[in-house]
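Have a look at the structure below, then the notes.
The values are calculated or read from the model by the stated rules, or taken from the named source; none is laboratory data. The shown structure was predicted, so the numbers you read here are calculated from the model rather than taken from an experiment. When we count neighbours, we look across all protein chains shown, and the Cβ atoms used for this are built from the backbone with ideal geometry, even at glycine. Calculation scope for accessible area: heavy atoms of the full protein, side chains included, ligands and nucleic acids excluded. Shrake-Rupley method; radii C 1.70, N 1.55, O 1.52, S 1.80 Å.
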Amino acid sequence: MPAKPGVESYEYVDCLILYRGELLMRPWNCEHHVFDDEQHDDFFCDWPAVQAYRSLSGEEAAARAAIAAATPTDTKPAGEGDAS
């Protein structure tokens, strides 16, 4: 489980989680020991439901890039498949 930073009485730790084969950014609720939704206000899942996690201590931009790279898209980059 992610460690509580110990700065505030009620804290979250932003994490990159693998949940049902999907990479997601979700906050770990240090008080209730669960992952919350993106808005930090509703339960998302319990610890055992997560296949893997990584604490993001300041690495949000890198995590967003990793999620984008791992997410398949149905669109082709501009210029691909164009008849010239």
Scope the stretch 34-59; condition part of a strand (DSSP E or B), of a type in the set (D, E, K, R) and open to solvent by 90 Å² or more (accessible area, probe 1.4 Å); matching residues = 54
State which residue pairs qualify: first residue free of Cβ contacts under 8 Å to residues at least 24 places away in the same chain and over 16 Å from residue 52 (Cα atoms) and inside the stretch 9-37, second residue open to solvent by less than 20 Å² (accessible area, probe 1.4 Å) and of a type in the set (Val, Ile, Thr) in any location, beta carbons under 6 Å apart, and separation of 6 or more residues or different chains.
-> none
Scan of the stretch 38-56 for residues that are under 22 Å from residue 8 (Cβ atoms) and either in contact with a strand residue (DSSP E or B) (Cβ under 8 Å, 6 or more places away or on another chain) or touching a residue at least 24 places away in the same chain (Cβ under 8 Å) (or both), ordered by number | 38, 40, 42, 43, 44, 47, 53, 54, 55, 56
Looking at (1) outside any loop (DSSP other than H, G, I, E, B); (2) open to solvent by less than 70 Å² (accessible area, probe 1.4 Å), find the lone condition where residue 6 falls short.
-> (1)
Residues within the stretch 9-33 that are assigned to a loop (DSSP other than H, G, I, E, B) and on the phi < 0 side of the Ramachandran plot, tallied | 6
When residue 64 is evaluated against the numbered criteria (1) modelled with pLDDT of 80 or more; (2) touching a strand residue (DSSP E or B) at 6+ places or on another chain (Cβ under 8 Å), which criterion, by number, is the only one it fails?
-> (1)
The condition from (1) modelled with pLDDT of 95 or more; (2) open to solvent by less than 50 Å² (accessible area, probe 1.4 Å) that residue 30 misses is numbered (1)
